[in-house]
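Following: one structure in structure tokens, then a few remarks.
Every number here is computed from the coordinates shown, using simple stated rules; none is lab data. These numbers come from a predicted model, not from an experiment. A quick note on method: Cβ atoms are made from the backbone with ideal geometry, for glycine too, and the neighbour counts reach across all protein chains shown.
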Amino acid sequence: MALEVCCRHQAVSGRRRAWSGYSCEVVLRRLAVRNTSALQYASFMTDTRDSDTNGPRPPAIPSRRKHDVAPPAARRRSDEEQSCLPGFDPAPEPTDRLFFAMFPSDRAASQLSSHAQALRAEHRLQGQPLLDSRFQVTLFHLGDHAGLPQDVVRHAMAAAASLSEPAFPVNFDRALSFGRTHSLPLVLKDSGDASPLRAFHQSLGNALKLAGLGRWANANFTPHVTLLYDTELLLEHPVEPVRWVADEFVLVHSIMGQTRHVPLGRWRLRG
């Protein structure tokens, strides 16, 4: 009956075009979705046929039903509001960083310091060179944490202990700036795409995956040593090579904000 009422009204009131683009079936289906009966719709159309010369307006449609998902921005606002409510504590700030690294020999560290001073003077940079003890080749970053995650430490140590790799030479002979921020690291990098250091990085990454730490086994790797940070961008250019034999790697606990590096484990390479 509702279908007949709707169709008859549409045929008689041909001058009204508000719903002329829809079939009766479509109108009824849309009304059913919004829990509005066809009889209510027909009554609405009949009561308003003389009050609006341009045709009736359809019933108001809610912009979002209760089962709709809020957009990301709204969800973010909701999360921020909840974090201010009792029972919704904000996430703790990270205080502890873990990473695997290799450190240069004392002689190589002295050469790196000389390079940093020379490049700083040549290009009139303002950044201060890092301390010799902070020169390193970072292999894998294992996350920033609120407190030292003992489970991550345990699995990382297991991965490191599973390796039996030979010692190998490293060579850094190119200087350049990384990044696009206001604080650009000035680094020395190697010029080879198939260096032993890259092969070792791959082996350690595979061991991390087997140990359950695959989320941090990033395959992207550009071997480098950071010399200082500055706002000036230096293009890549050759420098006198800095070489040493990499014969160990270290799991480092960095206490963030204190520039403190605590070695948690060292593993010697064969040779």
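Data for the structure
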| quantity | calculated |
| --- | --- |
| Neighbour-limited loop hits for trypsin sites (Lys or Arg not before Pro), region 164-271 (at most 12 other Cβ within 10 Å; DSSP other than H, G, I, E, B) | R180 |
| Full-stretch length increase - S110, L264 - with 0.36 nm per residue and alpha-carbon distance subtracted | 53.0 nm |
| Potential lengthening between Q126 and V153 on full extension [0.36 nm per residue; Cα-Cα distance subtracted] | 6.0 nm |
| Cα centroid separation - region 189-250 against region 106-153, whole Å | 13 |
| Qualifying trypsin sites (Lys or Arg not before Pro) for region 91-169 [loop in DSSP, other Cβ within 10 Å: at most 14] | R124 |
| Extension gain (nm, one decimal) between E248 and S164, 0.36 nm per residue minus Cα-Cα | 29.1 nm |
| Sparse-neighbourhood loop sites, chymotrypsin sites (Phe, Trp or Tyr not before Pro) in region 88-140 - DSSP loop, at most 13 other Cβ within 10 angstrom | F88 |
| Within region 233-271, backbone nitrogen closer than 18 Å to the virtual label 7 Å beyond the Cα of S183 toward Cβ | 233-234, 254-261 |
| FRET efficiency, 1/(1 + (r/R0)^6) with R0 25 Å, evaluated for M256 and E232 via beta carbons | 0.40 |
